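Please read through the structure below; I'll follow up with questions.
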Amino acid sequence: MEALLTSRVVPVQVPCRKLSSLSADLSCLELRRYPVRRGSVSIMSYSRLVRPVTASVQPQRVSALGNEGNTVPSKEILDLWRGVEAVCFDVDSTVCVDEGIDELAEFCGAGKAVAEWTARAMGGSVPFEEALAARLSLFKPSLSKVDEYLQKTPPRLSPGIEELVKKLRANKIDVYLISGGFRQMINPVASVLGIPRENIFANNLLFGNSGEFVGFDEKEPTSRSGGKAKAVQHIRKGRSYKTMAMIGDGATDLEARRPGGADLFICYAGVQLREAVAAQADWLIFNFEPLINSLD
């Protein structure tokens, strides 16, 4: 059996045209106060104009997967894809080439330890909420540190994602971002792709009166295991979509394919190939071209 290919990401700076649909307002923080038992917490929303960076992808060999056939979609899978009314994207290692929390942790000086927890969470070996709390406790990002990171680190988009989202929207297919990452880091990505804020399901970092880290909003469905599946089910019920697809790279994305949730799970392995997840996908892709081309 011929071995499949995975990808190693190499960042490349490219010029980006000005996004006319975005405001040129340089204000970058919006704070909302939420009462708690002692004092209050703030949720930061990042709204400044962003200039995205894309990445090139260089293939390298890996061991062969047991389910090699899912790299070539069946007619049934193609028909499902062509008939979708809504597509839900994971963000980290799918829409973007980074794992956002890993990059923020690296910026704060705790990259290696946090990355190890991320690998365990995405592989499905520990409950997501446990991994999320453990990772954040390792570096406890303050409001000022998150703001500094966002100002110095523009979104790094996966090659082809802008074209795919544009094609979906041109075909009147709704697009959602469903992530275990944080709204503070996802809002700029959504702005670049023209995805409305109400189509984002993600976590929120919480800060105290002095900007100190106090935790994350545990009421968000994506803050715990099975949360992405619940988010997709919530979207489907609210909008009465007949057919939905979930595109991502991790075990939490695979979970979204269930009754009342996504009908189709497409595993994007252009950044990270998680073999246990890829083997169970309806369609395994290493770039977005097959999805774009099949919508013509």
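The values are calculated or read from the model by the stated rules, or taken from the named source; none is laboratory data. Treat the numbers as computed from the prediction; the structure is a model and nothing was measured. No Cβ is skipped: glycine too gets one built from the backbone with ideal geometry, and neighbour counts run over all protein chains shown. Protein only, heavy atoms only, side chains kept; ligands, DNA and RNA dropped before computing areas. Shrake-Rupley method; radii C 1.70, N 1.55, O 1.52, S 1.80 Å.
Would you confirm whether or not the range 231-245 contains a residue that is assigned to a loop (DSSP other than H, G, I, E, B), touching a helix residue (DSSP H, G or I) at 6+ places or on another chain (Cβ under 9 Å) and of a type in the set (Ser, Thr, Tyr)?
Checked the range 231-245: at least one residue is assigned to a loop (DSSP other than H, G, I, E, B), touching a helix residue (DSSP H, G or I) at 6+ places or on another chain (Cβ under 9 Å) and of a type in the set (Ser, Thr, Tyr).
Give just the number: which of (1) closer than 16 Å to Asp90 by Cβ; (2) open to solvent by 10 Å² or more (accessible area, probe 1.4 Å); (3) touching a Phe, Trp or Tyr at 6+ places or on another chain (Cβ under 8 Å); (4) at pLDDT 95 or above does Lys230 not satisfy?
The one condition Lys230 does not meet is (3).
In the range 78-89, which residue that is more than 13 Å from Phe288 (Cβ to Cβ) and open to solvent by less than 20 Å² (accessible area, probe 1.4 Å) is nearest to the chain's Cα centre (by Cα)? Before you say what the answer is, go through the steps one by one.
To start, the set of residues in the range 78-89 that are more than 13 Å from Phe288 (Cβ to Cβ) comprises 78-80, 82-86, 88.
Retained after the next criterion (residues that are open to solvent by less than 20 Å² (accessible area, probe 1.4 Å)): 84, 86, 88.
Working: Val84: 19, Ala86: 16, Cys88: 9 Å.
Result: Cys88.
Scan the range 142-185 residue by residue and report those that are part of a loop (DSSP other than H, G, I, E, B) and modelled with pLDDT under 95.
First pass over the range 142-185, keeping only residues part of a loop (DSSP other than H, G, I, E, B): 142, 153-155, 158-160, 171-173.
Once the filter is applied, which keeps residues that are part of a loop (DSSP other than H, G, I, E, B) and modelled with pLDDT under 95, the range 142-185 yields Thr153, Pro154, Pro155.
Being open to solvent by 10 Å² or more (accessible area, probe 1.4 Å), over 20 Å from Leu164 (Cα atoms) and either among the hydrophobic types (A, V, I, L, M, F, W, C) or in contact (Cβ under 8 Å) with a residue 60 or more places away in the chain (or both) is the filter here, so list the residues in the range 242-296 that pass it.
Lys242, Ala251, Thr252, Leu254, Leu273, Arg274, Glu275, Ala276, Ala279, Gln280
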